[in-house]
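Just below is one structure, and these are the notes that go with it.
The values are calculated or read from the model by the stated rules, or taken from the named source; none is laboratory data. As the structure is a computational prediction, the values presented were derived from the model and not from experiment. Using ideal geometry, Cβ is built from the backbone for each residue, glycine included, and neighbour counts are taken over all protein chains shown. Side chains are part of the model used for accessible areas, which takes the heavy atoms of the whole protein and leaves out ligands, DNA and RNA. Shrake-Rupley method; radii C 1.70, N 1.55, O 1.52, S 1.80 Å.
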Amino acid sequence: MDDRRLRALMLGPPGSGKGTQGERLALRHGVPHLSSGEMLRTHVRDGTELGRSAADTMRRGDLVADDVMNGIMREEVLGPNAVGGFVLDGFPRTVPQAMAAYELARRHGITFHAVVLLEVPPAELLERLAQRGRSIDRADDAAGTIGHRIDVYVENTRPLVEYYDDREILVRVDATGTIDEVTAAINAQLDRIIPPPPPPT
Ligand code: AP5
């Protein structure tokens, strides 16, 4: 396992920019961006058995069961796409998922370099997601669902902040600026932990 390639997790409430920033970070470090939400939405679009069983849960803004998520992530994180490094966005999202991720990592000799926590106040999250809901068709951006997704985050996912802080890999980022400002803030902190590879000549 190449330890010079970034292995980071993106953590933060819905609308905090995990997808936007996770993609940029992955590009900068030349590693894949693995988004649990995108994987699930692909299953829903393709009408797979998993997609059919997850669709209603996702539309309501609830979490898909831990054992289902742990199974998907086991395949993705250890699959051929992710060899050497990755930016994992949206997983883990519960303490049992974090424990499963730790166990998986331990068994395969992987360490996570950083967990990037994007901090944005609820009012701005509501505004960002309502705005996206007006232009992009995402079932869970419906007006009545956005607030519920934030509540689900507070109850199930926010405990991971302390979990990763205790393990001293949490990188807190104020994610309220422009997209470019947030990218710069993430890079400034992560470059000190693991510098990106030089750009190809
Ligand atoms: P997922 O796809 O992970 O959705 P989410 O966490 O609700 O996050 P979003 O994609 O809405 O927001 P984001 O933080 O990625 O921000 P983004 O960059 O998109 O999960 C969807 C569902 O799948 C879950 O609800 C659950 O049902 C299920 N699921 C997924 N993983 C699971 C797991 N591990 N366990 C169980 N269930 C799981 O940005 C949002 C908007 O804001 C965009 O329009 C963007 O352009 C804009 N924006 C971003 N940054 C800025 C900025 N700095 N300034 C202004 N606007 C900005």
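Observations, loosely collected:
- The residues of region 106-121 that are of a type outside the set (Val, Ile, Thr), surrounded by fewer than 15 Cβ atoms within 10 Å (Cβ to Cβ) and on the phi < 0 side of the Ramachandran plot, listed by number, are ARG106, ARG107, HIS108, GLU119, PRO121.
- Selected residue (only one of GLY47, GLY22 is at pLDDT 95 or above and surrounded by fewer than 17 Cβ atoms within 10 Å (Cβ to Cβ)): GLY47
- Any hit, region 4-12, residues being modelled with pLDDT under 95, out of contact with any Lys or Arg (no Cβ under 6 Å at 6 or more places or on another chain) and farther than 27 Å from VAL120 by Cα: yes
- Identity of the residue in region 95-131, near the ligand (Cβ under 9 Å from one of its atoms) and touching a residue at least 24 places away in the same chain (Cβ under 8 Å), that ends up nearest to ASP165 (Cα to Cα): LEU118
- Region 136-147 residues that are among the charged types (D, E, K, R), paired with ones that are surrounded by 15 or more Cβ atoms within 10 Å (Cβ to Cβ) and not in a helix (DSSP H, G or I) (beta carbon under 7 Å, 6 or more apart): ASP140/GLY61
- Taking the listed residues ASP67, ASP140, ASP56, the one that is near the ligand (Cβ under 7 Å from one of its atoms), of a type in the set (Asp, Glu) and out of contact with any strand residue (DSSP E or B) (no Cβ under 9 Å at 6 or more places or on another chain) is ASP140, with no other qualifying.
- Pairing residues of region 174-201 that are open to solvent by less than 80 Å² (accessible area, probe 1.4 Å) and polar (S, T, N, Q) with residues that are part of a loop (DSSP other than H, G, I, E, B) and at pLDDT 95 or above, at Cβ distances under 8 Å and at least 6 apart in sequence or on separate chains, gives THR176/VAL120; THR176/PRO121.
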